[in-house]
Structure formats: structure tokens, C-alpha cells
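Colleague: Take a look at this one; I'll ask things after.
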Amino acid sequence: MTTTTPAAAVTKAVGTAHTRVEGVAKVTGAARYAGEVPYPELAHGWMALSTVARGRIRSVQDARVLEMPGVVAVLHHGNAPRVDGNYAGPFGPPDPILQPLQHDRVPYVGWPVALVVAETSEQAREAAEALVVEYDVEPHDVEFHAGHPDAYLPEGPTTEMSKGDLEAELAASAVVVDAEYSTPEEHHSPMEPHAATARWEDGRLEVVDSNQGSRFVADELAHIFSLDPGSVRLLSEHVGGAFGAKGTRPHLVLAAMAATVLHRPVRVVTTRRQMFSLTGYRSPTAQRVRLGADADGRLRALDHQGECLTSTNHEFVERSADYGRSMYDADAHHTVNRVVRLDVPTPTYMRAPGEAPGSFAMESALDELAEKCGLDPIVLRTRNEPDAGPLSGLPFSSRNVLACFEEGARRFGWADRDPRPGVRREGRWLLGTGTAAATFPVLVAPSTAAVTAEADGTFTVRITAADVGTGARTALTLVAADALEVAPERIRVRIADSDFGQAILAGGSMGTRSWSWAIVAAAADLRERLALADGIPPEGITARSNTAEAIGRLTSKERYSFGAQFAEVAVDVTTGEVRVRRMLGMFAAGRIVNPLTARSQFVGGMVWGLSMALHEEAVRDRATGGHVGADFASYHFAANADVPVIEADWVDDPDPDDPVGIKGIGEIGIVGAAAAIANAVWHATGVRHRHLPIRPDRVLMAGRDA
Ligand code: MOS
């Protein structure tokens with residue numbers, strides 16, 4: 001007989017550094033990813049994607065391909081089973097790419113037109129690449145640019161928001177900044193490509209997939225195949241990166257479709273190239289920012305107009321103009337997000353959707369304003385700290401952005417900075433430093449959890465969480481340990497099985513906060529039951545929670561995380577090369593559960609900000625409508641040699657309304673990072689770069705024009 005009541009823990013686990021609980025499994029290869037799980041009788045599907053940007057499929061010439069070695073089937077719009085797209089999930093109606101092979105229309109290059117299934121992956125690939133598809137081609141438009149004549153205001157109460165008389169306040173301002181910024185199409189590029197293996201097992205559709213929310217994806221599959229939600233099981237135990245790209249994607253639908261038709265397990269794995277059109281991306285943005293201020297820097301007018309693109313068959317809006325709505329106040333305040341439909345794939349959520357490009361424009365514009373006012377950029381931001389939500393008037397749950405600037409400035413050595421641009425030289429390098437603020441909303445969503453006291457004295461937590469590489473599984477282990485007052489070694493956290501029930505997906509930086517809330521609630525209930533229990537039966541004692549009611553009771557407040565980004569750069573104006581020499585990010589982002597993995601989250605976001613500032617850019621060929629080089633040879637991103645010493649740390653900032661004090665840390669690391677680097681490039685060279693990435697040719701052109 002083991003103890004029924006958890007013993008008081010010697011130390012609190014939350015706040016102490018723990019290596020990943022699945023770390024050994026990952027480094028030894030024992031952890032299986034969705035493309036690796038072995039099944040008897042497994043068949044392999046390979047997607048054939050459209051090569052034209054707009055038109056109709058005239059024929060899919062599958063006869064010759066069906067004769068090729070190992071080929072089992074070719075699914076296309078002429079023979080594929082019908083699926084349902086007439087539903088609305090938590091994020092609205094589905095992207096039509098989730099209803100593949102249903103008609104002959106082609107909306108962009110890279111649209112799935114067939115699935116070739118064969119005995120081996122190699123046979124499927126060879127056959128899919130040999131498959132001839134004929135098209136009736138129509139003219140296309142893939143060119144995004146500022147002020148596109150077809151840009152429109154999307155429906156919804158928050159696409160445009162304003163207060164005050166903007167033009168009057170701009171006219172009355174002593175100092176005005178009016179500038180246009182742009183960011184290019186950017187891709188998530190998780191290390192693990194999307195993959196799914198689907199089979200029918202005991203009358204249920206079971207899919208092992210790489211995704212951000214197994215229950216979410218299971219529900220969507222149930223809609224698509226008109227199945228009872230209980231008839232679909234999704235497993236996603238290990239995920240090698242996601243960043244918003246791993247919701248429900250077409251490879252999974254096609255795997256399930258083929259498994260249904262063929263009555264055997266089918267795996268569909270994406271290639272890196274295919275991911276560029278099948279798994280979403282961040283829309284390019286064109287942004288105009290107008291700031292008007294008194295001579296002392298106090299904002300009278302703030303205008304942020306964002307423009308992005310979407311596909312012709314689905315609307316997704318990159319809401320870059322939302323960034324300033326809670327961050328900065330002004331007597332007149334106007335923000336709007338417009339979108340234009342082009343013959344391109346639908347963009348989607350990507351790490352800090354809206355805030356990442358929006359903060360580049362706004363935090364650059366503030367740096368320009370500081371320069372014009374003759375003010376230190378931190379002083380300018382200090383003068384514009386709002387007491388309450390600029391548009392809502394609601395109080396902030398906590399707002400520690402100035403604490404981030406204060407501590408960041410101290411560690412970075414900001415006080416000694418000479419504000420003049422273009423005056424520091426070290427050999428062929430011009431040196432500069434820059435800063436920017438960061439903010440990201442604090443969200444939470446209802447989730448359920450089950451916590452079981454096992455007869456052997458351990459505890460099992462079951463929750464449909466996802467660990468997309470963040471360390472969430474480990475963080476939840478620490479949270480559960482404290483909630484049960486036992487050592488983390490006695491906790492086993494099981495995640496990413498849709499049978500564990502409803503839980504929010506890993507997105508919006510709200511996973512760990514939402515799941516922890518559910519675990520804490522179930523653990524409290526379990527402890528009450530254990531106090532009354534007379535021993536633990538062999539099946540254990542289980543308590544379940546549902547946080548819908550508790551979260552529904554939360555009062556309305558402005559809830560945000562904040563940060564201050566600092567960067568030092570060196571610019572070689574003869575080659576145009578920009579090197580980031582160091583970065584520092586200070587964050588106020590709630591209680592930090594696991595400092596080890598949290599630091600990785602912040603640093604990872606900052607590395608991406610560096611990558612966004614200097615490297616990343618997907619280029620479309622206007623003639624074909626497809627990408628120029630949809631691969632890692634052409635799509636550049638920061639590699640090890642580009643990344644300097646990066647320091648990330650945080651100030652004490654527990655959320656007052658969260659049971660653990662968590663706010664969420666997945667996205668804020670990227671916010672403001674690109675602006676801090678662009679501002680440092682200005683400080684180094686005296687030239688503003690308003691268009692990302694700051695490529696060598698752009699630096700050279702700017703130097704020539706200066
Ligand atoms: Mo994320 S872009 O919230 O998956």
C-alpha cells in the first residue's frame with residue numbers, strides 16, 4: 001500500500017530548470033514521428049500538384065501511371081470520394097484546400113490534383129512525377145504590391161478601428177512621420193515536414209499526424225468525412241516544429257481518403273518543396289504608418305494601414321495594423337487591415353501573426369519619430385505609456401514594458417549610446433545599436449484534463465495538449481507536480497491523443513496557460529478525493545476538469561505580454577553585408593514555468609526576427625505564378641553562422657488572474673526583433689531600411705543613393 005495523499009514537495013518545480021522529459025527518447029531516436037510509425041500493409045501516397053496558376057484540369061492521364069511498378073491507385077477529381085466543406089470550425093469555414101480532388105478548378109500553382117498510391121514511397125513518387133495532367137489555362141495575377149486596386153476591407157467589427165480626428169491631429173502635430181514599409185512572403189519551414197499515416201481500426205479512423213492540436217484536427221476530419229467525432233482518433237505525440245503551419249492540412253485528408261478507398265493504411269509525407277504551397281505561409285505586407293507628435297514626442301495621431309493578400313478561394317487576413325491598438329495611445333487613432341485576392345495559396349497563422357510584420361513597421365516608425373524629435377527612442381516610448389487600453393479604456397492586467405526597457409537598457413549598455421547615426425567605424429564595418437518594444441496578447445481557452453492517482457504512487461495526466469517542440473510536455477509536468485505537491489519524477493504527462501478530450505490547440509501562445517489551468521483544476525479535485533479515499537484501487541482514482549466556466553468568468557481587461565528588444569549590428573557598406581553582433585530581449589510574459597525551455601522559446605523567436613530582418617523572402621515568378629526556388633537553397637534563413645550571442649531574460653510579471661501566473665511565451669520573442677535590427681542598421685549607416693529583408697543589394701543601393 002502506497003501513500004494516498006501526495007506528500008509535501010520539498011521544492012517548487014515551477015520556476016526551476018528541467019531538461020525535456022522526452023529528451024532521451026528524442027536523441028536516441030526512440031521517439032517516433034508521424035512519418036515513421038511502422039504499420040503492416042502500409043501503402044504510400046504521393047501528391048501531384050498543379051503546375052499552372054489558374055485554369056481547369058482537362059485530363060489526368062492516369063492509365064500509363066497505373067501500369068508502373070507498385071502503383072495501387074491514382075485518386076483525382078474524377079474518381080475521388082466526395083467530402084464535405086460546408087462547416088465552420090473554431091476559426092471559421094475551412095480553407096478549400098482541405099477538400100482536395102473535388103472539382104477540376106485550379107486556383108494556384110501547387111494545388112493538389114492527384115494522389116498516387118503505391119507499395120513504396122519511391123514508387124509512388126516516381127509515378128506521381130510521371131503523371132501527365134493537362135490544363136486549360138487562364139490568365140493569373142500573383143503580384144502583390146502596395147495600393148493594389150483590388151484591395152478591399154474584410155468584413156468584421158475589428159478590421160478597421162478609429163477614434164478622434166486623424167487629419168486634424170496630424171495637421172496640428174509639430175512632428176510628423178509618414179512612411180511606407182513592406183515585408184515579404186515568409187514560410188514557417190518547420191524542421192519536420194508534414195506527414196500523416198491513416199488507417200481504419202475497429203471501425204474508427206485513426207491517424208498519426210504531425211499537428212498542433214489532435215482534438216481540433218480530429219473534429220475537422222470528422223466534418224470533412226461526415227463521421228461522428230468519436231469515430232476519429234488523432235495521435236500526434238512528437239512534432240518537429242509547427243509555428244502555425246500544422247493545423248489541418250491536405251496531406252492528412254488525402255491519407256484518410258486513400259485509406260478509406262483502399263482499406264489499408266496509407267501514409268502521405270510532404271516534401272520541402274510541396275510545403276511551400278500546401279501548408280500556409282505569412283502573407284507579404286505593405287504598410288503605411290503616419291505618426292504625429294508634439295515637439296516633446298507625445299503622440300497626437302497614430303495611423304497604421306496594413307495591406308496583405310489572400311487566395312481567390314479563402315480569406316485569411318494578416319492583421320499587421322492591430323499591433324498599436326493596445327500598445328500606443330494617441331488623441332486620434334486609426335488602424336485598418338485591407339486584403340487583396342490573388343491566384344496564390346491561402347496564407348495562414350505564422351508565429352505572431354499580425355504582430356510580427358506590424359511591429360516591424362510601427363516600431364521602425366517610432367524610431368524615425370524619436371530621431372525627428374531629437375529624443376532617445378526609449379524616452380519616446382516612456383512618454384507614450386498609456387494608463388489604460390487606448391481604444392477600450394479597460395485597465396491592463398499588468399503592463400511591465402518599461403521594466404523591460406529599464407533592465408534591458410542597463411544590461412545592453414544603452415546609456416552610453418551616441419545617438420548620431422553613421423559615426424562609428426571599425427575597419428570596414430559601420431556599427432550601430434537599435435531597440436524596439438514588443439507585445440503579444442494573453443489568451444486562454446477552455447480545456448479538459450484528467451489526472452489519475454495510480455496505485456503505485458505515481459500520477460498520470462492526460463490532456464490533448466501538443467508539444468510542437470516548445471517543451472510544453474515538460475512544463476505541464478512541472479505544473480502538475482506543484483499542483484499535486486509531489487516531485488516531477490512521480491508525474492507522467494500523456495498528450496496529443498484526441499481521445500483525451502477537448503483542449504485548445506498549441507497556438508496563440510495560449511497552450512501551456514490553457515492546459516495548465518485544466519491540470520491545476522483536475523489536480524485540486526483529485527487531492528480532495530484522495531483525502532477522503534481509503535487506499536487506491538488498481539485502476540487508480542481519476543479526477544477530470546473542464547475550465548469553460550472558470551474562463552468564462554474572467555473579467556474584461558487588456559491582457560498582454562510585453563518586451564524590449566535590443567540589437568547591435570555591423571554593416572559593410574562596400575559589400576552590403578549586415579552582421580548582427582548581439583541581441584538582448586527582456587520580456588514581461590507571465591510566470592516562467594521552465595526557465596530552460598522558456599529561454600529557448602524567446603531566443604528562437606529572436607533568431608527568427610533576425611532571419612526576418614536579413615534573410616527570409618519567398619519570391620514569386622509573375623510568369624508562372626509559382627515560387628522561384630521553393631527550397632532551402634533559395635529561401636534563405638538565418639543559419640548558425642548568422643546568429644550571434646543572444647541573451648533573453650525576463651522580469652517578474654505573474655498574471656494576476658491565472659492559477660499559475662502564466663501568460664504565454666511562444667510568439668512574443670519574434671515581435672519587435674526585426675525592427676530593433678533595422679533601427680540598428682539606421683544607427684550604423686544613417687540609412688532607413690523600410691523593406692525587408694535588408695539584403696546586401698538593398699544596402700548597396702541605399703549607399704549609392706545616399
Ligand atoms: Mo501559432 S501562429 O499561434 O500556431
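The values are calculated or read from the model by the stated rules, or taken from the named source; none is laboratory data. Source: prediction; values computed, not measured. Reconstructed Cβ throughout: ideal geometry from the backbone, glycine too, with neighbour counts over all protein chains shown. Surface areas here come from the heavy atoms of the whole protein model, side chains and all, with no ligands, DNA or RNA. Shrake-Rupley method; radii C 1.70, N 1.55, O 1.52, S 1.80 Å.
Colleague: Tell me whether the stretch 608-616 contains one or more residues that are open to solvent by 40 Å² or more (accessible area, probe 1.4 Å), of a type outside the set (Lys, Arg) and farther than 30 Å from His18 by Cβ. If you could, list the steps in order and put the result at the bottom.
Modeller: Our first condition is that a residue be open to solvent by 40 Å² or more (accessible area, probe 1.4 Å); within the stretch 608-616, this holds for 615.
Those left that are additionally of a type outside the set (Lys, Arg): 615.
Subsequent filtering for residues that are farther than 30 Å from His18 by Cβ retains 615.
Yes, because at least one residue in the stretch 608-616 is open to solvent by 40 Å² or more (accessible area, probe 1.4 Å), of a type outside the set (Lys, Arg) and farther than 30 Å from His18 by Cβ.
Colleague: Just one of (1) closer than 24 Å to Ser320 by Cα; (2) surrounded by 13 or more Cβ atoms within 10 Å (Cβ to Cβ) trips up Gly85, so point out which.
Modeller: Condition not satisfied by Gly85: (1).
Colleague: Does at least one position in the stretch 670-681 carry a residue that is within 16 Å of the ligand (Cβ to nearest atom), part of a loop (DSSP other than H, G, I, E, B) and touching a helix residue (DSSP H, G or I) at 6+ places or on another chain (Cβ under 6 Å)?
Modeller: Yes, the conditions are met somewhere in the stretch 670-681.
Colleague: Any residue in the stretch 461-478 that is surrounded by fewer than 18 Cβ atoms within 10 Å (Cβ to Cβ), away from the ligand (no atom under 16 Å from the Cβ), in a loop (DSSP other than H, G, I, E, B) and not hydroxyl-bearing (Ser, Thr, Tyr)? Give the derivation first.
Modeller: From the stretch 461-478, those surrounded by fewer than 18 Cβ atoms within 10 Å (Cβ to Cβ) are none; that's our starting set.
No: the stretch 461-478 contains no residue that is surrounded by fewer than 18 Cβ atoms within 10 Å (Cβ to Cβ), away from the ligand (no atom under 16 Å from the Cβ), in a loop (DSSP other than H, G, I, E, B) and not hydroxyl-bearing (Ser, Thr, Tyr).
Colleague: Could you grab the pairs with beta carbons closer than 6 Å, sequence gap of 6+ or different chains, first residue in the stretch 267-291 and farther than 25 Å from His194 by Cβ, second one of a type in the set (D, E, K, R) and part of a strand (DSSP E or B)?
Modeller: Pairs found: Ala286/Glu307; Arg288/Glu180; Arg290/Asp178; Arg290/Asp303.
Colleague: Quick check on Glu539: is it among the charged types (D, E, K, R) and either open to solvent by less than 60 Å² (accessible area, probe 1.4 Å) or at pLDDT below 95 (or both)? Before the answer, list the steps.
Modeller: On the way: among the charged types (D, E, K, R): yes; either open to solvent by less than 60 Å² (accessible area, probe 1.4 Å) or at pLDDT below 95 (or both): no.
Criteria not met by Glu539.
Colleague: Need pairs with beta-carbon distance below 6 Å; first residue of a type in the set (S, T, N, Q) and within the stretch 239-262, second open to solvent by less than 20 Å² (accessible area, probe 1.4 Å) and within 16 Å of the ligand (Cβ to nearest atom); sequence gap 6+ or separate chains.
Modeller: Thr248/Val217
Colleague: Let me ask something additional. If a residue must be open to solvent by 30 Å² or more (accessible area, probe 1.4 Å) and in contact with a Gly (Cβ under 9 Å, 6 or more places away or on another chain), how many such residues does the stretch 141-159 contain?
Modeller: Counting residues in the stretch 141-159 that are open to solvent by 30 Å² or more (accessible area, probe 1.4 Å) and in contact with a Gly (Cβ under 9 Å, 6 or more places away or on another chain) gives 1.
Colleague: Is it the case that Val423 is surrounded by fewer than 20 Cβ atoms within 10 Å (Cβ to Cβ), part of a loop (DSSP other than H, G, I, E, B) and aliphatic (A, V, I, L, M)? Quick ask: steps written out before the conclusion?
Modeller: Details: surrounded by fewer than 20 Cβ atoms within 10 Å (Cβ to Cβ): yes; part of a loop (DSSP other than H, G, I, E, B): yes; aliphatic (A, V, I, L, M): yes.
The answer is yes for Val423.
Colleague: Could you please give the count of residues in the stretch 221-237 that are part of a loop (DSSP other than H, G, I, E, B) and surrounded by 22 or more Cβ atoms within 10 Å (Cβ to Cβ)? Outline the logic, then answer.
Modeller: Of all residues in the stretch 221-237, those part of a loop (DSSP other than H, G, I, E, B) come to 225-228, 236-237.
Then keep just the ones that are surrounded by 22 or more Cβ atoms within 10 Å (Cβ to Cβ); that gives 236.
Adding up the residues that qualify gives 1.
Colleague: So Ile504 fits all but one of (1) of a type in the set (A, V, I, L, M); (2) open to solvent by 20 Å² or more (accessible area, probe 1.4 Å); (3) in a strand (DSSP E or B); (4) within 26 Å of Pro353 (Cα to Cα); what number is the exception?
Modeller: (3)
Colleague: Being polar (S, T, N, Q) and buried (at least 24 other Cβ atoms within 10 Å of the Cβ) is the filter; apply it to the stretch 326-347 and report the residue that is nearest to Thr183 (Cα to Cα). Please lay out each step first, then the result.
Modeller: Keep residues of the stretch 326-347 that are polar (S, T, N, Q), which gives 326, 335, 337, 346.
So of that shortlist, the ones also buried (at least 24 other Cβ atoms within 10 Å of the Cβ) come out as 335, 337.
Values: Thr335: 18, Asn337: 14 Å.
Ranking the qualifying residues of the stretch 326-347, first place goes to Asn337.
Colleague: Failed condition for Val580, given (1) buried (at least 16 other Cβ atoms within 10 Å of the Cβ); (2) out of contact with any Pro (no Cβ under 7 Å at 6 or more places or on another chain); (3) in a strand (DSSP E or B), with all others met?
Modeller: Exception for Val580: condition (2).
Colleague: Residue check, Leu227 against (1) within 16 Å of the ligand (Cβ to nearest atom); (2) farther than 30 Å from Ile670 by Cα, all met but one. Which one?
Modeller: It is condition (1) that Leu227 fails.
Colleague: For the stretch 657-674, indicate whether the set of residues that are over 24 Å from the mean Cα position of the chain (by Cα) and in contact (Cβ under 8 Å) with a residue 60 or more places away in the chain is non-empty. Lay out the reasoning, then the answer.
Modeller: Within the stretch 657-674, the first condition is being over 24 Å from the mean Cα position of the chain (by Cα), and the residues that meet it are 657, 659.
With the extra rule that they be in contact (Cβ under 8 Å) with a residue 60 or more places away in the chain, the set shrinks to 657, 659.
Yes; the residues of the stretch 657-674 include at least one that is over 24 Å from the mean Cα position of the chain (by Cα) and in contact (Cβ under 8 Å) with a residue 60 or more places away in the chain.
Colleague: Follow-up. Is at least one residue of the stretch 388-406 in a loop (DSSP other than H, G, I, E, B) and over 28 Å from the mean Cα position of the chain (by Cα)?
Modeller: Initial filter on the stretch 388-406 (in a loop (DSSP other than H, G, I, E, B)): 388-395, 397-400.
Filter once more, so that each one left must be over 28 Å from the mean Cα position of the chain (by Cα): 393.
Checked against the condition, which is being in a loop (DSSP other than H, G, I, E, B) and over 28 Å from the mean Cα position of the chain (by Cα), the stretch 388-406 yields at least one hit.
Colleague: So Gly244 passes all but one of these: (1) in a helix (DSSP H, G or I); (2) farther than 30 Å from Ala174 by Cα. Which condition number does it fail?
Modeller: (1)
Colleague: Could we say that Ser600 is outside any loop (DSSP other than H, G, I, E, B) and either farther than 29 Å from Phe405 by Cα or open to solvent by 10 Å² or more (accessible area, probe 1.4 Å) (or both) here? I'd like the intermediate steps shown before the answer.
Modeller: Numbers: outside any loop (DSSP other than H, G, I, E, B): yes; either farther than 29 Å from Phe405 by Cα or open to solvent by 10 Å² or more (accessible area, probe 1.4 Å) (or both): yes.
For Ser600, the condition - outside any loop (DSSP other than H, G, I, E, B) and either farther than 29 Å from Phe405 by Cα or open to solvent by 10 Å² or more (accessible area, probe 1.4 Å) (or both) - is met.
Colleague: Within the stretch 95-191, which strands (runs of 3 or more DSSP E) (wholly inside it) include 2 or more residues that are within 33 Å of the chain's Cα centre (by Cα) and outside the structural domain of Leu692 (by TED's automatic domain parsing)? It would help to see each step written out before you state the result.
Modeller: Details: elements: 112-118, 132-137, 160-163, 175-183.
Filter on the stretch 95-191 gives 112-118, 160-163, 175-183.
Colleague: For a quick check of your reading: which strands (runs of 3 or more DSSP E) sit entirely within the stretch 261-359 and have at least 2 residues that are more than 16 Å from the ligand (Cβ to nearest atom) and closer than 24 Å to Lys372 by Cβ?
Modeller: Values: elements: 266-269, 285-293, 299-310, 332-341.
Those strands (runs of 3 or more DSSP E) span 285-293, 299-310, 332-341.
Colleague: Pairs under 9 Å by beta carbon, first residue more than 21 Å from Asn384 (Cα to Cα) and at pLDDT 95 or above in the stretch 395-418, partner open to solvent by 40 Å² or more (accessible area, probe 1.4 Å) and not polar (S, T, N, Q), six or more apart or different chains?
Modeller: Arg411/Glu647; Phe412/Arg582; Phe412/Glu647; Arg417/Asp376; Asp418/Arg424
Colleague: Among residues belonging to the stretch 629-646 that are at pLDDT 95 or above and among the β-branched types (Val, Ile, Thr), point out the one that is surrounded by the fewest Cβ atoms within 10 Å (Cβ to Cβ).
Modeller: Val643
Colleague: Applying the selection to the stretch 238-261, what residues are open to solvent by less than 10 Å² (accessible area, probe 1.4 Å) and among the hydrophobic types (A, V, I, L, M, F, W, C)?
Modeller: Val239, Ala242, Ala245, Leu252, Val253, Leu254, Ala255, Ala256, Met257, Ala258, Ala259
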